[in-house]
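Values in this text are rule-based calculations from the coordinates and carry no lab data. Please read all numbers here as calculations on a predicted model, not as lab measurements. As a convention, Cβ positions derive from the backbone with ideal geometry for all residues, glycine included, and neighbour counts pool all protein chains shown.
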Ligand code: C2E
Ligand code: CA
Ligand code: CA
């Protein structure tokens, strides 16, 4: 994907944007529905034209059928008396008084007769017929006042040129573009039909008509299908499902039924990695697999991208429900093959039940969605049934999202700095930059409260850059206070680390400080999982700028000592889990020694994180290969101002620790 391009699915950043898209889809669907209904009516009208026997004029029926399409108050058909340019006679009309009226040829009529469908604000053109008026009617002039909006539709009637005129009541809306388009279709077909009648239904005309009717019928079928079904998977779409569920609920009474919200995990990655064609075909396979698990009375719909909703009706009992949900989870976990590519997926499913969890479609769908979200957050590829605490959790999450968005716009993220110390002599080696969100009352919130949310909202990059901004502004003061050789560690999430665009931005920002070589980027082991992007594409860029890479929380992820051989890094931070109580825990001691030995052999610097007690410190210092320490024992994270203010206390504390360790060893 080229730089600067919008990531699919990434452009719906706000609820407003999402609402807009949904509204647009709804409008489009309504439009399709209406079009579909109109075509069906046109077909009926055409049928009426064709059903006519002998020389009888079919228009009474046609008018009746067309009325709901064009909403007219009065209609008439007039044809030229003989050759082109002769007066027009009214053949049929909804107002009997008009039959037999006639009009002199005019430029306006001629345009219509030559095939132009025209709408006008008034019907002046036909308001004043001239004689001779067939079955003479003196009240004729009052039948059409001349104030009516009018639609003129050309029609060939028995080899003569003619037109149909549709009139709305005075003061009503005029005919619009849609009416004109429909009238054009009708005019063409009806003229053919009438020509066929006139030709005494010659064989070829009949066939031609038959073809036209068939085409129109299949167009209608397509429209009907498009209005209710998703083209990609052939499944019912959201609105069809909604109709069906609403209907089912209408007759449900106390009958139990279930709505299951099925969301694919990892679909976006497939799309990003292999393209939309593969993604589309994968969705179709997913649909087929799920459908194979359900009964004919159930309904599976695709409601958007990779989201499906399943209606289970009737619901026999909870065991049957659990059973089908488990089977769906299982069949989706089986690998897929698309275009020779093996793809692995899983799905998260949330279930809401009628009547316990809702009595209308929206409520059930929302609650099934919440349950799905709860399942996904807990364990991807699992299922959950709705319970009311999930609504509360969703509210909290929405609150956090709002707060995080606002904090980004208002730049309310601050840095906390925590020293890293040389274990040999307790000198400060550098600082780790930790993110904090400042609340309205000035409280600093820890990353656990916002990092995941910010990542999901795609706002983490902005935050990272904000942190570098603040750090840069305090760096001169820090250097003046603690000396110049310090390294600065910056945390980058695995998702950021494997995103080349993000990392280019971060790197550009680090270069702009003028001292990129002082920075260490801390990533977790997950960053190395993603198809090698980080090692292959990102690390060389960092290395070129002199930025070091540290593997954070080492030992908690997938990396084992063996895989460490495949990773390239400058530093490794052994997770607190192995430091905490290491002086007492044999297992931790073995692991720590192993990691340190391997790292030393590979020339990787090791940091012990989360050192809290002197006993832990003593043990860690004794392990060969562990160079640095970090933890509450030395200093907790502090704002730059605090750190500068308490620098003498910190220095004193580190001196004392050094002296004690010296004495002990
Ligand atoms: P981390 O990178 O492992 O950061 C160390 C965390 O351990 C910090 O928590 C720190 O306050 C805490 N800690 C330090 N010494 C001790 C100790 O002796 N005992 C105990 N119990 N804890 C100690 P904090 O600041 O809450 O950060 C938590 C996590 O949030 C970080 O873990 C890191 O994964 C993430 N994080 C922080 N800042 C950023 C950031 O700017 N970007 C990203 N992507 N993640 C960040
Ligand atoms: Ca870290
Ligand atoms: Ca860590």
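Give me the extension gain from residue 409 to residue 653: residue separation times 0.36 nm, minus the current Cα-Cα distance, reported in nm with one decimal. Before the final figure, lay out each step's value.
Details: separation 244, 0.36 × 244 = 87.84 nm, distance 3.91 nm.
Here the segment from residue 409 to residue 653 would lengthen by 83.9 nm.
For 111, 376, which order do you get if you count the other beta carbons within 10 Å of each Cβ and list the fewest first? Kindly include the intermediate steps, with their values, before the conclusion.
On the way: 111 14, 376 20.
By the 10 Å Cβ count, ascending, the order reads 111, 376.
When a/c is below 1.5 the answer is rounded, else prolate if a/b is larger than b/c, else oblate, so apply that to the range 468-586 with a ≥ b ≥ c taken from the square roots of the Cα gyration tensor eigenvalues.
oblate
Which whole-number percent is the relative contact order of the range 252-379 (Cα, under 8 Å, 6+ apart)?
35
Please report, in cubic angstrom per residue, the volume enclosed by the convex hull of the alpha-carbon atoms of the range 453-502.
Numbers: hull volume 4.6 nm³, N = 50.
Measuring per residue, one finds 92 Å³ for the Cα hull of the range 453-502.
Show me, bin by bin at 5 Å from 0, the whole-percent P(r) of the range 487-556 based on Cα pairs.
Reading the bins upward from 0: 4, 19, 31, 28, 13, 4, 1.
Which value in deg cm²/dmol, rounded to the nearest 500, describes the helix-derived mean residue ellipticity at 222 nm for the chain, given -39,500 (n - 2.57) per DSSP H run of n ≥ 4 and division by the residue count?
Value at 222 nm, helices only, nearest 500: -15000 deg cm²/dmol.
How big is the C-alpha Rg of the range 532-619 next to the rule-of-thumb value 2.2 N^0.38 Å, as a ratio? Each step should come with its number before you reach the end.
Working: Rg = 14.0 Å, N = 88, 2.2 N^0.38 = 12.1 Å.
Cα-based Rg divided by the globular estimate yields 1.16.
Calculate I(q)/I(0) for the range 62-124 by the Debye formula, one identical point scatterer on each C-alpha and no solvent, and give its log10 at q = 0.18, 0.20 Å⁻¹ to two decimals.
Debye output, listed in q order: -0.75, -0.92.
What does the C-alpha gyration tensor say about the overall shape of the range 270-383? Classify as rounded when a/c is under 1.5, otherwise prolate if a/b is larger than b/c, or oblate.
prolate
Please arrange 167, 444 by counting, for each residue, the other beta carbons lying within 10 Å of its beta carbon, fewest first.
Least crowded to most crowded, the residues run 444, 167.
Taking the 0 to 90 degree range and rounding to the nearest ten, how far is the long axis of helix 361-378 tilted relative to the main principal axis of the chain, both from C-alpha atoms?
20
Nearest 10 degrees is fine. How inclined is helix 389-409 to the longest principal axis of the chain, computing both from alpha carbons?
Taking Cα atoms only, the helix is inclined about 80 degrees.
Quick one, what does Rg over Rh come out to for the range 588-661 if you take C-alpha atoms and the Kirkwood Rh?
Result for the range 588-661 is an Rg/Rh of 1.04.
Roughly how many Å is it from the Cα centre of the range 484-536 to that of the range 631-665, as a whole number?
Distance between centres, Cα-based: 28 Å.
Quick one: work out the % antiparallel among DSSP beta bridges in the chain, nearest 5.
On the way: 63 of 89 bridges.
Of those bridges, close to 70 percent are antiparallel.
Exposure proxy check: 354, 323 ranked by fewest other beta carbons within 10 Å? The partial results should precede the final answer.
Numbers: 354 24, 323 13.
Lowest to highest Cβ neighbour count: 323, 354.
Pop out the Kirkwood hydrodynamic radius of the chain from its pairwise C-alpha distances, inverse of mean 1/r, in Å to one decimal.
When all Cα pairs of the chain are included, the Kirkwood radius is 31.7 Å.
Any idea what diffusion coefficient the range 362-409 gets from Stokes-Einstein, in µm²/s, Kirkwood Rh on alpha carbon pairs, 4 °C, 1.567 mPa s?
Estimated diffusion coefficient is 112 µm²/s.
Have a look at the range 509-665 and give its Rg and Dmax from the Cα atoms, expressed in angstrom.
So, for the range 509-665, Rg and Dmax equal 16.9, 50 Å respectively.
Viscosity 1.567 mPa s, temperature 4 °C: what is the translational diffusion coefficient of the range 237-313 from Stokes-Einstein with a Kirkwood Rh over Cα pairs, rounded to a whole number of µm²/s?
Roughly 96 µm²/s, to the nearest whole number.
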